[in-house]
1. State all residues of region 123-158 that are touching a Phe, Trp or Tyr at 6+ places or on another chain (Cβ under 9 Å) and among the polar types (S, T, N, Q); if no residue qualifies, say none.
2. Within region 138-156, identify whether any single residue is under 20 Å from residue 57 (Cα atoms), free of Cβ contacts under 8 Å to residues at least 40 places away in the same chain and crowded, with 19+ Cβ neighbours inside 10 Å, and answer yes or no.
3. Which one of these does residue 165 not meet: (1) farther than 19 Å from residue 64 by Cβ; (2) surrounded by fewer than 13 Cβ atoms within 10 Å (Cβ to Cβ)?
4. Tell me which residues, restricted to region 53-95, are touching a residue at least 24 places away in the same chain (Cβ under 8 Å) and of a type in the set (Ser, Thr, Tyr).
5. I'm trying to understand the selection: among the residues of region 99-127, which are of a type outside the set (Asp, Glu), within 26 Å of residue 168 (Cα to Cα) and in a loop (DSSP other than H, G, I, E, B)?
6. Do you know which of the residues in region 128-181 that are part of a loop (DSSP other than H, G, I, E, B) and among the aliphatic types (A, V, I, L, M) is farthest from residue 41 (Cα to Cα)?
Amino acid sequence: MTQTSNLKSAAITNLDATPIVANTTGEGAPAYLKSVVGFVTTVSADAAGSTYRLVRLPSNAKVKEIFMCAGAMTAGAFNLSVYYSDSTTDGTAPANQGLIVSGSPGGDAFFGSDISAASALNDANETNESGNYPLSLRNQPLWQALGLATDPGGFLDIVAVCHTTAVTTGALLGITVLFDL
């Protein structure tokens, strides 16, 4: 049996309703897209377990896309994870500062896992490379997408964790994150 579908997102269904339901607030509503870019120069011979804090976002940010760039490091594989900010002045609870967000799907690989930087990466989309951050979570605040019961407030860092393969040659490593609030 062959089937032909004509499906609509909630945003389109709301516009087709009588009276029209305005998508002015809440999940899926129009918003200004923001971006933040962060990069570091990795150190030659950095071992697995090394961390590179790349960008900091408010806990209520709704991450839409993450693009990764890296110079060729000969060897090196990274997970993209989420840690609590390590700042003592941005509203992050002192008990959480600097820690990985525990219990999040994928552990230290929430956005990406074992992303090879042996050869150069140029704006590789790593938003859901790990399978833990599907499209259905991208209208949720980051704290909620991570599986937290309440908003911890403060800020969260997206961190590249040197994973299974150590860095051989130091090079630039960075991400561009598109998000809204």
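No value in this document is a laboratory result; all are computed from the given coordinates. Every value quoted in this text rests on a predicted model; they were computed, and no experiment measured them. Using ideal geometry, Cβ is built from the backbone for each residue, glycine included, and neighbour counts are taken over all protein chains shown.
1. 125, 127, 128, 130, 132, 150
2. Here is the first cut: in region 138-156, the residues under 20 Å from residue 57 (Cα atoms) are 138-156.
Right, trim to free of Cβ contacts under 8 Å to residues at least 40 places away in the same chain and you get 144, 149-150.
Subset that is crowded, with 19+ Cβ neighbours inside 10 Å: none.
No, region 138-156 has no match at all.
3. The failed condition is (2).
4. To start, the set of residues in region 53-95 that are touching a residue at least 24 places away in the same chain (Cβ under 8 Å) comprises 53-87, 90-93.
Within region 53-95, 59, 74, 81, 83, 84, 85, 87, 92 meet the criteria.
5. First, pick out the residues of region 99-127 that are of a type outside the set (Asp, Glu): 99-107, 109-113, 115-122, 124-125, 127.
Those still in the list that are within 26 Å of residue 168 (Cα to Cα) too: 100, 106-107, 109-113, 115-122, 124-125, 127.
Selection gives 106, 107, 109, 110, 111, 117, 118, 119, 120, 127.
6. Ranking the qualifying residues of region 128-181, first place goes to 149.
A quick yes/no check of all residues on (1) among the small types (Gly, Ala, Ser); (2) crowded, with 18+ Cβ neighbours inside 10 Å:
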site	(1), (2)
40	no, no
72	yes, no
83	no, yes
87	yes, no
113	yes, yes
126	no, yes
132	no, yes
